[in-house]
1. Loop-only check: which GluC sites (Glu not before Pro) in the range 179-287 are DSSP coil with at most 16 other Cβ within 10 angstrom?
2. Across the range 244-326, how large is the tail of the calculated P(r) beyond 15 Å, expressed as a percent of all Cα pairs?
3. If you take the charge dipole of the chain about its Cα centre, with +1 on Lys and Arg Cβ and -1 on Asp and Glu Cβ, which of TRP172, CYS75, SER120 is farthest toward its positive end?
4. Running a GNM on the chain with Cα contacts under 10 Å, which residue among ARG110, ARG64, ARG296 ends up with the highest mean-square fluctuation?
5. How do MET35, MET273 rank when sorted from fewest to most other Cβ atoms within 10 Å of their own Cβ?
6. Quick check: pseudo-label points 7 Å beyond the Cα along Cα→Cβ at SER278 and ALA42, how many nm apart are they?
7. What is the spin-label model distance, in nm, from THR204 to ASP231 if the labels are put 7 Å beyond Cα along the C-beta direction?
8. In nm, to one decimal, how far is the modelled label at ALA263 from the one at GLU298, with both set 7 Å along Cα→Cβ?
Amino acid sequence: MVLVILLLAPLAALQSADSVLSNSPPRSDRSSQLMCDPSFEALPSGFLATTGTNAAWEVQRKGREAIRERLVVACVDDEAKAKSGRKCLSLSIPKDTVGFEFVTVGQRLRLAAGKEYEASVWVRWVGGPDDPPAGASAISGHRSAIVSLWVRHRDGKGTFAGRDEWLFDNRWHKLVFHFGATDPDQRTLVYVSLLPNQKPADTTVLLDDFELAAVDASAEAELRSGNIIEDSGFDAQRSDGLTPPWSFVNRGGTSISVGIGGADGQRWVTLQMPKGTSNFESAQVWQHVDLRRGVRYEVSCRIRWDNFAFGARAPIVNYGIYHEGSHTWYGPVDQVLKGNGEWNTYRFAHIAPFAGQWKLYVQLNGWGNFGNAVTVSLDDFTCTVAR
């Protein structure tokens, strides 16, 4: 199943028409294009049905049965609407789409080990205003369309890489990110999803020139060994709140709290979110870590669902590693916790497409937890070089 990714980091109002939302790593060569029919010119016009995993263009509709019938993917044959050529894709969701209900289109590709890839797509919110409102962001409450551009490794069952973008105007925007193939022995799903907004509304976006290509990049030397996370078990923390190298931040509200549990030599951090927390609110525990480009890292942490109850919906904890310069997330991202109240270890592999500072984080979002109270504890973060 492809999960919805909602990441409530503040985003600046999007840039001018035909803007490119990336931070200028080495560019791909269009001649090395890996997507089949990236501009949709070979698709028949009209409605696209839900497909299996072997279709040239895979279409998924997720949600209640009554909603799935109203999640629309269609090929539009109209040169005035397309970014290039004659055709583009239209994705639409109705106002009563909520939570983890969404529509997705993409392709599954077998990628090569040791390669870096660039995924990109042009997107346009047809119902948006001509100009973005002043102060528009993911938590501002302004009208928007939320578009996900992601890859999911391990034949669509593993970890993610990608980004969610809030569109605040009706211009074309190019979304771009880079990633490495962490599971090259299996197919990687490269996809775009249209997600329900925090304030649900009928929403339609157009897609065009959906591309994937290898880029020229060489791995840097990584001479460190062992765990590169500082104070990985929080043993240097005290009960009066988090101190460096760890940080805590609230976004969109202050109802989610952080605390230090345990005693000297055996401490952990607890995040507590009360019932009814707003869809616009989130809170994050994080630490900056320095990574080398092209190096594969093994990342893990332990998480405990403290208010576990039999039969309760398992909470979703946003967990991974984030590159602030490109607004891109990597890892499990929307991690559904195991259905018990024990400590469980959650692991993922990450190949850094950028050198320098990254953010290792765990985040609780009101959105996606359906108004439920959630209390989780965190401990024993690791980031080690895969040998």
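1. Working: sites: GLU211, GLU220, GLU222, GLU230, GLU281; in loops: GLU220, GLU222, GLU230, GLU281.
Passing both the DSSP loop test and the Cβ count: GLU220, GLU230.
2. Working: 2376 of 3403 pairs.
Here the long-distance tail beyond 15 Å is 70 percent of all Cα pairs in the range 244-326.
3. Checked the options; the winner is CYS75.
4. ARG64
5. The order, fewest Cβ neighbours first, is MET35, MET273.
6. It works out to 4.8 nm between the two label points.
7. 5.2 nm
8. 3.3 nm
Bear in mind these aren't lab numbers, they're just calculated from the coordinates by the rules spelled out. On a predicted model such as this, the values are computed, not experimentally measured, just so you know. Cβ atoms come from the backbone with ideal geometry, glycine included; neighbour counts cover every protein chain shown.
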